[in-house]
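The values are calculated or read from the model by the stated rules, or taken from the named source; none is laboratory data. No experiment lies behind these values; they were computed from the predicted model shown. Neighbour counts run over all protein chains shown; Cβ positions are idealised from the backbone, glycine included.
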Amino acid sequence: MSFADTYGPWALVAGASDGVGAAFAERLAERGVNVVLLARRRAVLADLAADLGTRFGIETRTLTVDLAEPEASATIIEATADLEIGFLVYCAGADPRFEPFLSAPIAAAEAMLHRNCTVPMQLCHHFAAGMVERGRGGIVLFGSGAGFAGAPNMVAYGATKAFGMVLAEALWAELHDKGVDVLGLILGKTDTLALRRLEHARGQLASEDDTPPDAASVADVVDEAFDNLTAGPTLMVGEQMRSVYQMLGTLTRNQTVRMMAQAIETSMGASD
């Protein structure tokens, strides 16, 4: 079977407006899969949809949805009810704040919990049912090394990424022998617009046009993802992330938390 036969005819990409999400959508379109592009920025999605349709001859649909809204999943499910979704990609959920837990209202953490945990779980439950029935499909959930252990300025974010990592692993355990490939991607520092904006705001980059040091390229991340779609449940993306994960295996849990806290403190000091 071709890629499109295995994972098509439609894919849903949440967080498709730029960065890794947009690149993932492009690779899917290149392989002949029609794409539902989901994000908050309508104009950006329209431009991407037009570009993918012109270059690859595939069908597209755009959904302007704020994934932090209570009815986000219901809106997505209703808007795709007439489509056969064979591939689900969830790469939304970056943390633009990077600040102490008590510096923001609890509503901010609750919105992140909904966007990073509840919505992907709901979408997986809905779309995986059809994949299992057809005996084919794929789910890719984007995670972060922030989910390895607790660290300051990432209290809710790190917790949600730990949830996402286990969610992908558990889904793989239940679905991989039913024809559904599930892969949790654990990313380290990646050269996205969100990271550039954060590091520029913290004084670590002179301009948002600069590349953050030691950041993996979006193209490399997507290359690894596509090369390992059937190698779940979890992929540490990039040599740096694999080295960090291997090193953490030599530490106790408490040592890991202290090390991460020290790394954040050093990073914040460097940006002052």
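Observations on the model:
- Of all residue pairs spaced 6 or more apart or on separate chains, those with beta-carbon atoms under 6 Å, a first member in segment 19-37 that is in contact (Cβ under 8 Å) with a residue 60 or more places away in the chain and on the phi > 0 side of the Ramachandran plot and a second member that is among the aliphatic types (A, V, I, L, M) and in a helix (DSSP H, G or I) are G19/L193; G19/V218.
- For segment 1-20, the tally of residues that are at pLDDT below 95 and either farther than 15 Å from A92 by Cα or of a type in the set (D, E) (or both) stands at 2.
- Test: residue in segment 35-48 that is under 20 Å from the mean Cα position of the chain (by Cα), β-branched (V, I, T) and closer than 21 Å to E84 by Cα: yes
- Near pairs, Cβ below 7 angstrom, 6+ apart or cross-chain, from segment 211-228 (under 20 Å from L88 (Cα atoms)) to any residue that is assigned to a helix (DSSP H, G or I) and charged (D, E, K, R): V222/R27; F226/R27
- Matching residues, segment 119-134, being without any contact (Cβ under 8 Å) to a residue 60 or more places away in the chain and more than 14 Å from the chain's Cα centre (by Cα): Q122, H125, H126, A128, A129, G130, M131, V132, E133, R134
- The set of residues from segment 200-216 being surrounded by 14 or more Cβ atoms within 10 Å (Cβ to Cβ), within 21 Å of the chain's Cα centre (by Cα) and in a loop (DSSP other than H, G, I, E, B) comprises P212, A215.
A quick yes/no check of all residues on (1) within 27 Å of L171 (Cβ to Cβ); (2) in contact with a strand residue (DSSP E or B) (Cβ under 6 Å, 6 or more places away or on another chain):
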position: L198; (1), (2): no, no
position: S217; (1), (2): no, no
position: D220; (1), (2): yes, no
position: M241; (1), (2): yes, no
position: Y245; (1), (2): yes, yes
position: T252; (1), (2): no, no
position: M260; (1), (2): yes, no
position: I264; (1), (2): no, no
position: S267; (1), (2): no, no
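- Residue in segment 231-241 that is exposed (fewer than 14 other Cβ atoms within 10 Å of the Cβ) and not in a strand (DSSP E or B) present: yes
- When segment 34-67 is filtered for residues that are at pLDDT 95 or above, out of contact with any Leu (no Cβ under 9 Å at 6 or more places or on another chain), under 21 Å from V20 (Cα atoms) and assigned to a loop (DSSP other than H, G, I, E, B), the ones remaining, listed by number, are E59, D66.
- Complete set of residues in segment 95-148 that are among the small types (G, A, S) and in contact with a strand residue (DSSP E or B) (Cβ under 9 Å, 6 or more places away or on another chain): A128, G130, G135, G137, G138, G143, S144, G145, G147
- Screening A23 with (1) surrounded by fewer than 24 Cβ atoms within 10 Å (Cβ to Cβ); (2) over 22 Å from G93 (Cβ atoms); (3) not hydroxyl-bearing (S, T, Y) gives one miss only, at (2).
- Within segment 77-96, tally of residues that are at pLDDT 95 or above, within 30 Å of G145 (Cβ to Cβ) and among the small types (G, A, S): 1
- Taking the criterion of being out of contact with any strand residue (DSSP E or B) (no Cβ under 7 Å at 6 or more places or on another chain), over 15 Å from Y7 (Cα atoms) and either assigned to a helix (DSSP H, G or I) or small (G, A, S) (or both), the residues of segment 17-33 that qualify are G19, A22, A23.
- Output for segment 53-64, where each listed residue is out of contact with any strand residue (DSSP E or B) (no Cβ under 6 Å at 6 or more places or on another chain) and either within 17 Å of G93 (Cβ to Cβ) or in contact (Cβ under 8 Å) with a residue 24 or more places away in the chain (or both): R55, F56, T64
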